[in-house]
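Undergrad: Pasting in a structure now, in structure tokens, and then I'll have a few things to ask.
What follows is calculated from the coordinates using simple rules that are stated; it is not laboratory data. Since we're looking at a predicted model, the values are computed, not measured. With ideal geometry, Cβ positions are generated from the backbone for all residues, glycine too; neighbour counts draw on all protein chains shown.
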Amino acid sequence: MARAAVLHAVGDAELDLRDDVTAVDPGPDQVKVRIKATGVCHSDLSTMTGVLPTATPTVIGHEGAGVVTAAGDRVRGVREGDHVVVNWTPDCGLCAECRRGEPYLCMTHLAESFSSPGFRLGDGTPAFGMAGTGTWAEEIVVPGRGVVPVADDVPFEYAALLGCGIPTGVGAVFNTARIAPGSTVAVVGAGGVGLSVIQGAKIAGAATILAIDPNEAKHPVAKRFGATHTTTPDGLEEAKGLLTGGAGFDCTFEVVGRSAAITTAWNATRRGGDVIVVGAGAIDDEWSQTAFALLFDGKSLKASLYGGCDLKRDIPLFVDLWRAGKLDIDGLISRRIRFEDLNDAVRALRDGDVIRQVVLFD
């Protein structure tokens, strides 16, 4: 039996921190992973509040790294003892999205996770894993394609962030927006993923990077990660006038997950520019624009799910950038905490006081 943080009902403010949870036995195409580090991401909070759907009871967590302790007979490319990053949207390799080279859109394993419990509680109750993973547990079972090997010298707390926050943010720059050197960029939201977007824009050679966040305490942090300027939403028009002559930015990233933030990003973008939606919003939070503006402003609205990443391709790139000193992973970690601190970590996340908290399992 192992420790795991269980959500019994959507809307619960507190998680049930248990020590009697068992991961199911791996099938022939699955692996068991001993989780060594797991991030506390805003999507975890969104799952608890019902913004993102889940089956209950659920072991929360989706951003993690650990060591493979068992592998099914049909698993290829990973073996017992490998250090791995958990991929919460593994590609099946067979669906239309995978065949088009869009593995981040594959729903095969994610859909199965709503009907296939990955855990069993001490009283025998089956429990699901968030997004088919449940990394706020010491052991998980996932598809063999749901883990990506990483070099043994990459610290587990760094590897954990390679499972969601960094690919979602940096990938949005590299894969979705494909920022050109000299571009002007704005980022709405300076949380953990927003800071990864800022880092990606800096690496890509953007000349101007404006971080937009109502919490002014985040502004110095955004500059540390590469923002050239910062503002609150109330000061956006003034900043746009100063930095772009009022024309707007070549590309604006929305990293909040709310329709109002998409509107802010749209209004910040120049005619003919790109608006990249990175934040995960609620199903009933609708956004609209006039048909006239959609055509005559010439702007493109693009979704960036998981940063458009193929983690098998992109994780080695992110590791190389980290080794070269261009990608600051350590700076994204606000606190290293223990499993027993998870409910406090959720409260800190809700209050917006942290960038990324990482749970380190013994």
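Undergrad: When DSSP beta bridges are limited to those with both residues in the chain, what percentage is antiparallel, rounded to the nearest 5?
TA: Rounded to the nearest five, the antiparallel share is 55 percent.
Undergrad: Which entries in LYS36/LYS223; LYS32/LYS223; LYS218/LYS240; LYS223/LYS302; LYS299/LYS326; LYS240/LYS302 show an alpha-carbon gap greater than 29 Å?
TA: With Cα atoms farther than 29 Å apart: LYS36/LYS223; LYS32/LYS223; LYS299/LYS326.
Undergrad: With everything on Cα atoms, drop me the angle between helix 311-323 and the longest principal axis of the chain, reported from 0 to 90° to the nearest 10.
TA: Once rounded, one gets 70 degrees.
Undergrad: Run through segment 26-108 and list the trypsin sites (Lys or Arg not before Pro) located in a DSSP loop whose Cβ has at most 15 other Cβ atoms within 10 Å.
TA: For trypsin sites (Lys or Arg not before Pro) across segment 26-108 that sit outside H, G, I, E and B with at most 15 neighbouring Cβ atoms in 10 Å, the list reads ARG74, ARG76, ARG79, ARG100.
Undergrad: Here is a follow-up. Go through segment 334-344 residue by residue and turn each phi into a ³J(HN,Hα) via Karplus (6.51, -1.76, 1.60, θ = phi - 60°); whole Hz please, and just put x for glycine and proline.
TA: Each residue's phi maps through the Karplus curve to give 6, 8, 9, 10, 9, 3, 5, 8, 4, 5, 5 Hz.
Undergrad: Given the C-alpha centroids of segment 158-180 and segment 320-337, what is the distance between them in whole angstrom?
TA: 13 Å
Undergrad: Report relative contact order for segment 147-270 in percent, whole number only (criteria: Cα-Cα under 8 Å, sequence separation at least 6).
TA: That works out to 23 percent.
Undergrad: Once the Cα gyration tensor of segment 166-305 is found, what semi-axes does its equivalent ellipsoid get, as square roots of 5 times the eigenvalues, in whole Å, sorted largest first?
TA: Computed over segment 166-305, the values are 20, 17, 15 Å.
Undergrad: Moving on to the next point. For segment 77-86, take each phi angle, set θ = phi - 60°, evaluate the Karplus expression 6.51 cos²θ - 1.76 cosθ + 1.60, and give the result in whole Hz per residue in order, putting x for glycine and proline.
TA: x, 8, 9, 4, x, 5, 7, 9, 9, 7
Undergrad: Which whole-percent values make up P(r) of segment 184-226 when all C-alpha to C-alpha distances are grouped in 10 Å steps starting at zero?
TA: Distribution as computed: 34, 59, 7 percent.
Undergrad: Another question, then. Suppose every K and R has +1 on its Cβ and every D and E has -1 on its Cβ; what is the size of the dipole of the chain about the Cα centre, in Debye to the nearest 20? Kindly include the intermediate steps, with their values, before the conclusion.
TA: Numbers: 33 positive and 45 negative charges, 224 e Å.
Charge dipole, the chain, about its Cα centre: 1080 debye, nearest 20.
Undergrad: Run a plain Debye calculation on segment 1-72 (Cα atoms as equal point scatterers, no solvent) and give log10 I(q)/I(0) at q = 0.11, 0.15, 0.19, 0.24 Å⁻¹, rounded to two decimals, same order as the q list.
TA: For segment 1-72, the Cα-only Debye profile gives -0.31, -0.57, -0.87, -1.17.
Undergrad: A follow-up question, please. For a quick check: with amide H placed at 1.01 Å from N, whose amide H comes under 5 Å from ILE337's, ignoring anything fewer than 5 positions away on the same chain?
TA: VAL358, VAL359, LEU360
Undergrad: I need the P(r) histogram for the chain: all alpha carbon pairs, bin width 10 Å from 0 out to the longest distance, whole percents.
TA: Spelled out per bin, shortest first, that is 6, 26, 34, 23, 10, 2, 0.
Undergrad: At what distance in nm do the modelled label points of ALA293 and ASP25 sit from each other, each positioned 7 Å from its Cα along Cα→Cβ?
TA: 5.8 nm
Undergrad: Full extension from MET1 to ARG347: what is 0.36 nm times the residue separation minus their Cα-Cα distance, to one decimal in nm?
TA: Extra length available between MET1 and ARG347 comes to 121.9 nm.
Undergrad: So which trypsin sites (Lys or Arg not before Pro) in segment 281-355 pass both tests, a DSSP loop state and at most 16 other Cβ atoms within 10 Å of the Cβ?
TA: LYS326, ARG338
Undergrad: How far is helix 259-268 tilted off the main Cα axis of the chain, in degrees rounded to 10, range 0 to 90?
TA: Between the helix axis and the principal axis of the chain, the angle is about 40 degrees.
Undergrad: Using the Karplus curve 6.51 cos²θ - 1.76 cosθ + 1.60 with θ = phi - 60°, what ³J(HN,Hα) values do you get for each residue of segment 210-225, in whole Hz, with x for Gly and Pro?
TA: 9, 9, 10, 7, x, 8, 5, 5, 7, 5, x, 5, 4, 5, 5, 8
Undergrad: Given the C-alpha centroids of segment 255-303 and segment 25-45, what is the distance between them in whole angstrom?
TA: With segment 255-303 and segment 25-45 each reduced to a Cα centre, they are spaced 33 Å.
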